[in-house]
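All remarks here apply to the structure that follows.
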Amino acid sequence: MSAKSEPVAPEIEEEEVPNKAFNIFKSIIYSKGYKHFSIKLVCFGMMWLFIAGSFGLDLRTQSGFSFTGNLLPLQELGYSTIAYFQMMTYHAVVMFFGTIFTLGFSIAYYAVPTIRGTKKLGMPWMANLGHWLVVFGLMMVIGSNSQYMFTFLIPLKNPASFYVAELIQFVGDELLIIALIATAYVDKLPNEKFSIPVSFIIMDCIAMGIGIITVLGAIIWTILSPLGGLGFDVFAIPNVEVFRAAFWFESHPLVYFGSFLVLGLAVWMVTIYAKRPVYSERMVRYMIPVLFVLSMSVYIHHMAVDPIPLWIRDVFAQVATEMIAVPFVIIWTILLITLKYTKPKYDASLLFIIAAIAGNIVGGATAEPLQPIPALDFTVHNTMWIPAHIHFMMATFTLGSFFAFLYWMIPELLGRKLYSPGLGIFHFIGWSVGMGALEVAFKVQGIEGAVRREIAWPALYEPWFQMAMIGAWLAGISVIAFTTNVLMTWRMGKPNPVSVPVWLTAGMALETQAKINEGTYDPNVIYTRVPVPVGLKLAPVPAATPSSSGRGSSRMAGVSRAIAKMLKLSRMRGSELGAQAAGTDGGKS
Amino acid sequence: MKKRNVLVAWTLILFLTVVVLEVVYTPYDYAGYQIANNVGEGVAQADYPPIQGPYQVVYVTCEQWQFLFSPHVVGAPTVTVVQAGVPVLFIVRSMDVTHGFYVNTEGNFATQGIQFGVMAVPGYTDFVTWNFQPTVFQGNQSLYHVMCSEYCGVTAQGLGHPWMDALIIVVPHGSAGVALQSKMLGGNLPEILNGSAS
Ligand SMILES: [Cu+2]
Ligand SMILES: [Cu+2]
């Protein structure tokens with residue numbers, strides 16, 4: 001379906017075709033509204049999760065059943081070793097660029113217009129085009145018959161279609177990033193500033209946008225060299241280390257990309273659960289540029305065999321890699337202090353956030369010593385230790401924090417209450433325990449010297465492969481529970497139309513309160529067009545501010561009953577606050 | 001305590017931890033040979049490890065899909081013999097694509113398994129050193145399994161990355177061991193260099 005659904009020009013005689021099916025098709029191709037676009041991205045993100053997840057389950061099942069070198073049980077059916085390695089490539093590429101990117105974009109494309117109150121996409125055509133290019137590119141990757149993990153293993157030769165597919169997909173991602181930045185700046189008021197979630201998203205998009213340029217250059221270089229397989233001979237085959245530098249300069253922001261998209265939202269979510277302002281709003285904001293600089297410089301730790309001067313490696317590879325733990329630890333500390341002594345409601349979202357923090361700490365702590373201590377690095381390099389690290393960071397941390405917000409976002413987009421919070425808890429347990437088992441098993445194997453990407457291993461490692469298989473299936477079942485919950489919410493959930501989500505008013509009020517407490521509150525600055533109470537305490541609230549749109553954020557100052565109500569975490573009725581909302585609902589396009 | 005002081009103190013503690021880690025571990029950075037089992041990895045063009053005392057040199061050439069040793073056992077270029085107790089400097093190169101030279105006894109904590117490795121990147125000469133200990137001997141020699149740890153392609157069942165492997169035979173230090181080594185290597189012993197003399 002997706003391969004042929006290239007974007008069509010939207011101006012094809014709209015009026016003359018009163019065909020309902022065609023209109024539905026057209027609206028799937030081209031989303032005008034941000035909500036529609038976000039729903040589309042959620043659907044595709046889940047589709048990628050199922051595709052890439054089935055590749056992963058295939059790998060785990062194969063390894064769980066065999067240590068003999070024969071890929072039981074599917075070899076009987078003509079299943080080849082090459083297919084096994086291809087699935088490994090597709091699992092990684094589709095999980096990163098399909099699941100993580102698409103679900104992350106769905107969250108960001110919903111959160112930014114909602115928080116700012118603009119309720120519209122910045123460059124809708126570019127966002128839609130980018131999305132379809134990614135879909136097309138990833139479909140092409142899966143069809144490309146490539147058996148190599150990504151492109152940085154040059155001069156291993158991939159099929160030409162793989163390089164072209166990656167080119168298409170990265171152009172699509174770059175367009176999505178540009179359109180997201182445009183969405184964050186569209187209709188920007190002169191006195192408007194960005195709240196914490198939007199700031200994180202913009203920082204992240206700038207980092208990723210710069211990073212993708214280098215990998216695009218490397219891919220184009222490859223295509224124009226004899227390695228590309230298209231008959232071009234413009235450049236020589238790229239030097240391995242230069243190519244690797246280009247690849248990792250993109251890929252290090254890439255591994256943080258998903259998590260930074262929701263990090264700001266996670267800060268808000270914690271404050272909302274804690275029902276108090278974040279411990280230090282200013283410190284969280286300081287960490288944004290720090291994370292930007294460090295996430296762009298740690299990539300040199302992958303240049304393990306470069307003959308670059310040791311002091312440069314010391315500065316970038318070692319110190320920067322150790323340093324990036326600092327902003328993360330500071331943010332986690334601030335969040336845990338914020339939660340301290342509060343009695344939050346432990347639903348699936350909060351549990352996912354806490355597990356994500358734990359996953360980030362364990363995954364980060366086990367990766368930190370690698371580069372600074374070659375004595376450890378040369379022991380576990382390219383062993384299962386590394387897949388364990390990446391699963392901690394991507395599955396437990398990044399995807400886990402996505403799930404946390406999706407439990408708020410999806411019912412809002414569908415205008416219904418979540419069908420079963422209990423199923424959400426089951427999803428959390430299955431995902432965290434399942435992925436946790438897989439990650440621990442991988443870590444142990446790594447310490448015991450099991451090389452990754454293998455088809456045969458001594459019996460010593462087999463029990464751990466069995467544990468990883470059981471964990472993977474548990475996680476897979478939990479995702480089915482999540483999907484069922486979403487579908488049931490869609491079809492059978494109690495109608496609960498939300499015009500202004502409570503997390504927006506609550507999060508904004510708590511962020512403002514933090515500013516008031518810290519003395520950084522400026523009444524002339526607005527962060528959203530949606531009227532929200534200024535803060536929690538009504539202490540030094542200045543007079544209503546005439547902003548350029550005439551709707552300052554302080555307009556609702558003093559509505560203390562609304563604050564009390566909103567902090568009960570119940571979705572606010574559309575009629576209650578929606579009537580006061582500044583913008584119109586752009587989602588019903 | 002004021003909130004600002006808490007945060008400043010916490011940031012300083014984290015920062016100091018990083019600095020201390022960096023200072024403490026600096027002796028291990030690319031340091032090459034350490035007294036016990038230890039070693040370094042790196043790029044030959046940048047620096048050889050500062051090995052003190054004598055060490056054996058073994059060249060490893062990686063290609064799809066085999067490791068070729070020099071010197072090697074007569075008739076078997078994927079097997080080499082080294083002495084225990086004398087650090088071995090493996091100088092690793094690749095003829096085609098990126099490989100991983102990974103030595104592994106497939107042990108665990110209980111059985112005192114060891115593993116170490118270095119990447120073989122085309123266009124670069126990389127090294128890794130290891131001092132094979134006499135303590136792990138079973139009989140008069142011990143075997144170490146070499147495998148490729150960087151995925152380098154598969155063409156068919158039985159031909160490709162998963163089947164790219166080699167063997168290191170470690171013989172005891174001393175005249176008996178050297179005699180055995182000499183016999184297996186056809187008299188072509190690894191060059192023994194002296195680190196302090198260079
Ligand atoms: Cu890294
Ligand atoms: Cu290889």
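Through the Karplus equation 6.51 cos²θ - 1.76 cosθ + 1.60, θ set to phi - 60°, convert the phi angles of region A:420-435 into ³J(HN,Hα) values in whole Hz; use x for Gly and Pro.
Going residue by residue, I get 9, x, x, 5, x, 4, 4, 4, 4, 5, x, 5, 5, 5, x, 5 Hz, with x marking Gly and Pro.
Taking the Cβ of each residue in B:183, B:2 as the centre, tally the other Cβ atoms inside 10 Å and list the residues starting with the fewest.
Numbers: B:183 13, B:2 7.
The most exposed by this proxy come first: B:2, B:183.
Can you compute the modelled spin-label distance between residue A:19 and residue A:456, with each label point 7 Å from Cα toward Cβ, in nm?
Simple spin-label model gives 5.7 nm for this pair.
Would you please give the residues with an amide H less than 5 Å from that of residue A:526, counting only those at least 5 places away or on a separate chain, with H modeled from the backbone geometry?
Correct list: A:192, A:193.
For region A:460-539, rounded, prolate or oblate, judged on the Cα gyration tensor with a ≥ b ≥ c (square roots of eigenvalues), a/c < 1.5 rounded, else prolate if a/b > b/c?
Details: a/c = 5.29, a/b = 1.96, b/c = 2.70.
Verdict is oblate for region A:460-539.
Please list the non-local residues whose amide H lies under 5 Å from the amide H of residue A:383, H modeled 1.01 Å from N, same-chain partners needing a gap of 5 or more.
A:452
If you take the square roots of the eigenvalues of the alpha-carbon gyration tensor of region A:381-534 and sort them as a ≥ b ≥ c, do you get rounded (a/c under 1.5), prolate (a/b over b/c) or oblate? Show your work: numbers first, answer last.
Details: a/c = 4.31, a/b = 1.80, b/c = 2.40.
Oblate shape, in that a/c is at least 1.5 and b/c is the bigger or equal ratio.
What is the fewest-to-most order of B:119, A:488, A:87 by other Cβ atoms lying within 10 Å of their Cβ?
Details: B:119 24, A:488 15, A:87 21.
The fewest-first ordering by Cβ neighbours comes to A:488, A:87, B:119.
5 Å is the cut-off here: which amide hydrogens, built 1.01 Å from N in the peptide plane, fall below it relative to residue B:57, excluding neighbours closer than 5 in sequence?
Placed amide hydrogens put B:89, B:191, B:193 under 5 Å from residue B:57.
Excluding residue A:257 itself, what net charge comes from residues whose Cβ is under 14 Å from its Cβ, given Lys and Arg +1 and Asp and Glu -1? Kindly include the intermediate steps, with their values, before the conclusion.
On the way: positive: none; negative: A:173, A:174, A:204, A:250.
Taking every Cβ under 14 Å from that of residue A:257, the sum is -4.
So which of A:119/A:417; A:40/A:417; A:340/B:2; A:40/A:193; A:35/A:343; A:188/B:2 end up more than 25 Å apart, counting from Cα to Cα? Working shown, then result.
Working: A:119/A:417 22 Å; A:40/A:417 20 Å; A:340/B:2 17 Å; A:40/A:193 29 Å; A:35/A:343 33 Å; A:188/B:2 37 Å.
Pairs exceeding the cut-off: A:40/A:193; A:35/A:343; A:188/B:2.
Each residue of region A:156-173 in turn: what ³J(HN,Hα) in whole Hz from Karplus with 6.51, -1.76, 1.60 and θ = phi - 60°, glycine and Pro shown as x?
4, 9, 8, x, 4, 5, 5, 4, 5, 4, 5, 4, 4, 5, 6, 4, x, 5
Coordinate-derived values only; no laboratory data. Keep in mind that this is a model prediction, so the values were computed, not measured. We place every Cβ from the backbone using ideal geometry, glycine too, and count neighbours over all the protein chains shown.
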